[in-house]
Amino acid sequence: MTSLNFKSRVSLNFKSRVPVFDANVRVGDLLDEPAPYRDREGLLSEMDRHGVQRALIYHAHGENVSPIIGNEYLEAWLSDDGRTHPQWLVIPTSDSLAQVQSLHAEGRVNCVRLFDTGQRDLPFRPWAYDTLLSWLSEERIPVWVLLPEADADALVTTLQAYPSLVTVLVGAHYVHALWLRPMLAALPNAHLELSRYEPIGEIESLRDEFGAERLVYGSWYSRLAMGPMLFYLHHTNLTDAELASVCAGNLERILGGGTQ
Amino acid sequence: MIDGTQVIDYHGHVGRWDPLGMKDDPKLMLHAMDSAGIDISCVFGIFHPDGTTSNDQAAHFIAQHPNRFIGFAYVSPMMPERMIPELTRAIDELKFPAIKLYPPYTLWPFNQPQWHPIYEFANDRGLAVLFHTDGGELSRPRYLSEIAPQYPNAKFVAGHAGNVIEPRTEAIAAAQAHPNVYLETCSTYRTPGVIEQLVNEAGADRVLFGSDTPLMDPRPQIGKIITADISDEAKRLILGGNARRLLGV
């Protein structure tokens, strides 16, 4: 597999040339931030514009109000056409866990996204999360964990207590530049979602150091524009096989080959 | 070069900021530029208030690849006696074609008198001035609406175009009201629809592509322009046409 010939491939217009399964898409409105599209058709239209076939979606209402209600709202964005796949939000309460366990019993849970309890000063420690993390670990359900407001030490030491748990670390930014290498080294089952991670040359460097299988394309649309990171990935020296893995294959593997 | 358009990145740095992963390694920067079709990056140092240290650092960096990088002159009102002599040196001797200012590393909002000697200098010589702008009180884009009409021969560029919604609205209003105000695009926020908003509300001839390299890789930042829902002609202006006009290159 060869590297890309960069200069000959840059154009004023861009669409992905490999299949794309976006690992981080938000649907619906935040309290203070209406989404730029009103319905599923609007989302699919934006995906089509960039050549994105599938997206793992969660509902905005679950991000800053109620994971339980947000998950209910998410149903309207799903379809059996295979283009939108549910990512259920979960918070360490018995009600939230019961909802996700019920969905799991129906065969509808292939991953979950942790509510950012840092918003409410609940430390990410086993005493607060053990019931939830133990269940996810036992059921081999991968979990998306937000980095922006995380306590790095709590995150690493807590996840190390569940060594079989597969994680995707979401929203790394250049302010996390000091964290990522020791974090990825300490958590061999962790993957890095790339939507916000822009320090120069870092995607290629992390590929060299940890392998492309640890990297996952996510746009975090509609918080961020859908296209720029996808364009970036297409203009690195990743091989075609690595590009395909980062854009879709790694997520498919994490989700266990199926999503619903 | 992208589809026949020479691409100029209007916002870049020299120096290292290791805690954030920023390093001005020319090999890394050129690899990223070549990968994305960027011909020239404008760079400046902002970490030294004397100006001289930063400008010499930029000049040394540029000298390694003079066809790929352009320097902007940096000075600070924290050392007011040095501002005009250093600007004169950087423009006349180092041949830097524009000025970069960074209000957060000073004590004064950039509409205050401490800054005006720089604007007078730029106005006398018809130079472009790039500001860091954001929602902080030192860096509000609304100040452009005060200073731009006072110095009509200078050009004023709102770096990051205000960065987030409220200051971005101020930046656009300044560009709408004053023909010598421009908007530069780099931002870690990458909010959907922002490039389209800048083009639709201020005009494609007033928008400049910038990346903040090497704090940020220029590839996702140029990706914002390439993947925006705007015309190819607008993209050509943003990616290089407007910068060539401002810099005279």
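The values are calculated or read from the model by the stated rules, or taken from the named source; none is laboratory data. Bear in mind the structure is a predicted one, so any value in this text is a computation, not a measurement. Note that each Cβ is placed from the backbone with ideal geometry, even for glycine, and that neighbours are counted across all protein chains shown.
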Search result, residues across the range B:3-16 that are in contact (Cβ under 8 Å) with a residue 60 or more places away in the chain, more than 9 Å from chain A (Cβ to nearest Cβ) and over 21 Å from B:LEU246 (Cβ atoms): none
In this structure, is A:ARG113 out of contact with any Asp or Glu (no Cβ under 8 Å at 6 or more places or on another chain), assigned to a strand (DSSP E or B) and not hydroxyl-bearing (Ser, Thr, Tyr)? yes
Sort through B:GLY51, B:GLY71, B:GLY136 and tell me the only one that's touching a helix residue (DSSP H, G or I) at 6+ places or on another chain (Cβ under 8 Å), closer than 30 Å to B:TYR189 by Cβ and surrounded by fewer than 17 Cβ atoms within 10 Å (Cβ to Cβ). B:GLY136
Cβ-Cβ distance below 8 Å, separation of 6 or more or different chains: which pairs start in the range B:157-170 with a residue that is free of Cβ contacts under 8 Å to residues at least 24 places away in the same chain and end on one that is part of a helix (DSSP H, G or I)? B:THR169/B:GLY162
Taking the range A:90-128 and keeping residues touching a Leu at 6+ places or on another chain (Cβ under 8 Å) and under 21 Å from A:ALA55 (Cβ atoms) leaves A:VAL90, A:VAL109, A:ASN110, A:CYS111, A:VAL112, A:ARG113, A:LEU114, A:PHE115, A:ASP116
Say whether the condition of being within 10 Å of chain A (Cβ to nearest Cβ), modelled with pLDDT of 95 or more and not in a loop (DSSP other than H, G, I, E, B) is met by at least one residue in the range B:35-45. yes
Tell me, yes or no, whether the range B:203-225 has at least one residue that is in a helix (DSSP H, G or I), surrounded by fewer than 24 Cβ atoms within 10 Å (Cβ to Cβ) and without any contact (Cβ under 8 Å) to a residue 12 or more places away in the chain. no
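Table: residues versus (1) of a type in the set (S, T, N, Q); (2) farther than 24 Å from B:ASP25 by Cβ.
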| position | (1), (2) |
| --- | --- |
| B:ASN163 | yes, yes |
| B:PRO167 | no, yes |
| B:THR185 | yes, no |
| B:THR213 | yes, no |
| B:ILE226 | no, yes |
Of all residues in the range B:144-196, count the ones that are in a helix (DSSP H, G or I) and among the hydrophobic types (A, V, I, L, M, F, W, C). 13
Selected residue (only one of A:VAL65, A:VAL18, A:VAL10, A:VAL27 is within 11 Å of chain B (Cβ to nearest Cβ) and among the β-branched types (Val, Ile, Thr)): A:VAL10
Between A:GLY201, A:GLY249, A:GLY256, which is without any contact (Cβ under 8 Å) to a residue 24 or more places away in the chain, on the phi > 0 side of the Ramachandran plot and either more than 9 Å from chain B (Cβ to nearest Cβ) or not polar (S, T, N, Q) (or both)? A:GLY201
Within the bounds of the range B:176-195, is there any residue that is modelled with pLDDT of 95 or more, more than 22 Å from B:GLY12 (Cβ to Cβ) and either buried (at least 24 other Cβ atoms within 10 Å of the Cβ) or within 10 Å of chain A (Cβ to nearest Cβ) (or both)? yes
Kindly indicate whether B:GLU166 is under 21 Å from B:ASP212 (Cβ atoms) and charged (D, E, K, R). yes
Looking at the structure I just gave you, is A:ARG49 away from chain B (no Cβ under 14 Å), in contact with a Ser or Thr (Cβ under 9 Å, 6 or more places away or on another chain) and either at pLDDT 95 or above or surrounded by 14 or more Cβ atoms within 10 Å (Cβ to Cβ) (or both)? no
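Per-residue answers, yes or no, for (1) among the hydrophobic types (A, V, I, L, M, F, W, C); (2) within 23 Å of B:GLU184 (Cβ to Cβ); (3) assigned to a strand (DSSP E or B):
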| residue | (1), (2), (3) |
| --- | --- |
| B:PHE47 | yes, yes, no |
| B:ASP50 | no, no, no |
| B:ALA59 | yes, yes, no |
| B:PHE72 | yes, yes, yes |
| B:ARG82 | no, no, no |
| B:PHE110 | yes, yes, no |
Residue within the range B:123-146 that is in contact (Cβ under 8 Å) with a residue 40 or more places away in the chain and within 14 Å of chain A (Cβ to nearest Cβ) present: no
